[in-house]
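Working notes, structure below.
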Amino acid sequence: MYDPNLNIFLHENEGRYLHEICHPPIVHRNFKSANVLLDNELTAHVSDCGLAPLISVGTQLSGQLLSFNGYGAPEYEMGTYSCQSDVYSFGVVMLELLTGRKSFDSARPRGEQYLVRWAIPQLHDIEALSRMVDPSLGGAYPAKSLSRFADIISMSVQSEPEFRPPMSEIVQNLLHMIQREPPFRR
């Protein structure tokens, strides 16, 4: 059996319809773990789209609106939004799930405050990766699944938006990973 957190997470990831089924596509612009709500069946729902449907993709807005405490893609600083910006934010949420850490934690040493900056160099080093995994998982995960999950995260948080895969590809990669070998066992 795999970790119910990942199961919840995959249900939530079905929110890809915002990018790929809705026309025009809807960019959430405020995707973070606090905006993933669970119902009684632990099915996740994305909340707080706010005015996102009213703002067209690629619109320039003030960077002041983009203070997401570590969730915002690098292009947010220039006020640019796209579906790939949401993919980045989704990658940050996956990183939170992997590590059990917040996207930004001012109580940590300066080099560890921003989760993405701290984690990126470690995602392809299996020993470092094993050390950064949420201790509550108790080491109950196959190394291959851990490595695959890290690869998916790494693709999602690329600094250049054009190198981030579409949300549908993220979903397919996560489903493929789970079908091959359940990632977390309790």
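The values are calculated or read from the model by the stated rules, or taken from the named source; none is laboratory data. These numbers come from a predicted model, not from an experiment. FYI the Cβ positions are ideal-geometry reconstructions off the backbone, even for glycines, and counts take in every protein chain you see.
Of everything listed in (1) under 16 Å from the mean Cα position of the chain (by Cα); (2) in a loop (DSSP other than H, G, I, E, B), the single unmet condition for A140 is (1). Put simply, of E112, E160 the only residue that is under 26 Å from V46 (Cβ atoms), exposed (fewer than 14 other Cβ atoms within 10 Å of the Cβ) and touching an Asp or Glu at 6+ places or on another chain (Cβ under 9 Å) is E160.
Annotation: of all residues in region 151-186 being of a type in the set (D, E) and farther than 14 Å from L98 by Cα, the one that is modelled with the lowest pLDDT is E181.
The condition of being assigned to a helix (DSSP H, G or I) and either within 13 Å of the chain's Cα centre (by Cα) or under 19 Å from D86 (Cα atoms) (or both) does not hold for E127.
Residues that are aromatic (F, W, Y) and under 21 Å from F149 (Cβ atoms) within region 81-115 comprise Y88, F90, Y114, listed in sequence order. Tallying residues that are under 16 Å from F31 (Cβ atoms) and assigned to a helix (DSSP H, G or I) within region 153-167 yields 4. Taken together, the residues in region 24-81 that are closer than 22 Å to Q158 by Cα, of a type outside the set (S, T, N, Q) and modelled with pLDDT under 75 amount to 12. Of the residues that make up region 78-97, is at least one in contact with a Phe, Trp or Tyr (Cβ under 8 Å, 6 or more places away or on another chain), closer than 25 Å to A34 by Cβ and without any contact (Cβ under 8 Å) to a residue 60 or more places away in the chain? Looking for residues that are in contact with a Phe, Trp or Tyr (Cβ under 8 Å, 6 or more places away or on another chain), closer than 25 Å to A34 by Cβ and without any contact (Cβ under 8 Å) to a residue 60 or more places away in the chain, one finds none in region 78-97, hence no.
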